[in-house]
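Visitor: This structure is in structure tokens; I'll ask about it shortly.
The values are calculated or read from the model by the stated rules, or taken from the named source; none is laboratory data. Just so it is clear, the structure is predicted and the values come from calculations on it, not from any experiment. Backbone-built Cβ (ideal geometry, glycine too); neighbour counts: all protein chains shown.
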Amino acid sequence: MRLNKIVNYSLIVIMTLFIASCGFHLRGMDGDYQFPYKTVYLVCDTPVICPNFESAIINQNLTKLVKNAESAEVTLAVSDEDTNRVASNYNSVGQIAGYRLIYKVTARVYDKKGTQTMPDIVVTAQDTINYNNSLILSATQQEAQTWDNLHQIAINSLIRRIVYSHPHLISTNNATESK
């Protein structure tokens, strides 16, 4: 009986080590992204995420950002930012007890001729926060932190969408049909 337990635990440990050693990871979680363009000119109208988006591109070595559109392979325009705060639930007195924060931004990719190379990339991030009118200072800080988190989620989503929506990566010839 005791030998059986030792064998079972040993098998579990060996299987765990085997899975960990083979480099198992979830699809899309490796973080090894690379923009499909060698040089990008980033145009931002007013979106709040632009400084952090630019920093993410530089820090993650996704591509080379250039200072003018003429020397760039494509122009990436980030615009149409929309922030929205909607009451999501109420307490028994009828006061607001929670908000849904919604952040939406659009990116467009243009080639050197000024032609849009792919459909608009629209990213929406949302979260719900609890709200207590008597704790206004902490609620304000929580809301600011939630907005920062939503901005980071939008940046990560934009990066993934740009990487995976490149026309050369989407091919119907390589698609396999299940039978």
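Visitor: Which condition does ASN132 not pass, out of (1) more than 23 Å from the chain's Cα centre (by Cα); (2) surrounded by 15 or more Cβ atoms within 10 Å (Cβ to Cβ), if it passes all the others?
Guide: Here ASN132 meets the rest and fails (2).
Visitor: Now, a different point. Read through the list (1) outside any helix (DSSP H, G or I); (2) buried (at least 17 other Cβ atoms within 10 Å of the Cβ); (3) touching an Asp or Glu at 6+ places or on another chain (Cβ under 9 Å), then give the number of the only condition that LYS112 fails.
Guide: (2)
Visitor: Which one of these does THR46 not meet: (1) β-branched (Val, Ile, Thr); (2) in contact with an Asp or Glu (Cβ under 7 Å, 6 or more places away or on another chain); (3) modelled with pLDDT of 85 or more; (4) under 20 Å from GLN152 (Cα atoms)?
Guide: (3)
Visitor: Among the candidates VAL66, VAL86, VAL105, VAL93, single out the residue that is more than 19 Å from SER157 (Cα to Cα) and surrounded by 16 or more Cβ atoms within 10 Å (Cβ to Cβ).
Guide: Working: VAL86 fails: surrounded by 16 or more Cβ atoms within 10 Å (Cβ to Cβ); VAL105 fails: more than 19 Å from SER157 (Cα to Cα); VAL93 fails: surrounded by 16 or more Cβ atoms within 10 Å (Cβ to Cβ).
One residue alone meets the criteria, VAL66.
Visitor: What are the pairs, 6+ residues apart or on separate chains, where a residue within segment 90-112 that is within 17 Å of VAL78 (Cβ to Cβ) and in contact (Cβ under 8 Å) with a residue 12 or more places away in the chain has its Cβ under 9 Å from a residue that is surrounded by fewer than 16 Cβ atoms within 10 Å (Cβ to Cβ) and among the basic types (Lys, Arg)?
Guide: Matching pairs, first to second residue: ALA107/ARG161.
Visitor: Which residues, taken from segment 54-68, are closer than 14 Å to LYS38 by Cα and either assigned to a strand (DSSP E or B) or hydroxyl-bearing (Ser, Thr, Tyr) (or both)?
Guide: THR63, LYS64, LEU65, listed by residue number.
Visitor: How about segment 129-179: which of its residues are in contact with a helix residue (DSSP H, G or I) (Cβ under 9 Å, 6 or more places away or on another chain), at pLDDT below 75 and not in a helix (DSSP H, G or I)?
Guide: LEU169, ILE170
Visitor: What pairs come out if I take residues in segment 117-140 that are closer than 21 Å to LYS104 by Cα and pair them with residues that are surrounded by 14 or more Cβ atoms within 10 Å (Cβ to Cβ) and among the polar types (S, T, N, Q) whose C-beta lies under 6 Å away, six or more apart or interchain?
Guide: Taking only residues 6 or more apart or on different chains, the pairs are MET118/SER165; ASP120/THR106; VAL122/THR106; VAL123/SER157; ASP127/THR146; THR128/SER88; ILE129/GLN142; ILE129/THR146.
Visitor: If we keep just the residues of segment 80-109 that are assigned to a strand (DSSP E or B) and among the small types (Gly, Ala, Ser), which is farthest from LYS38 (Cα to Cα)?
Guide: ALA97
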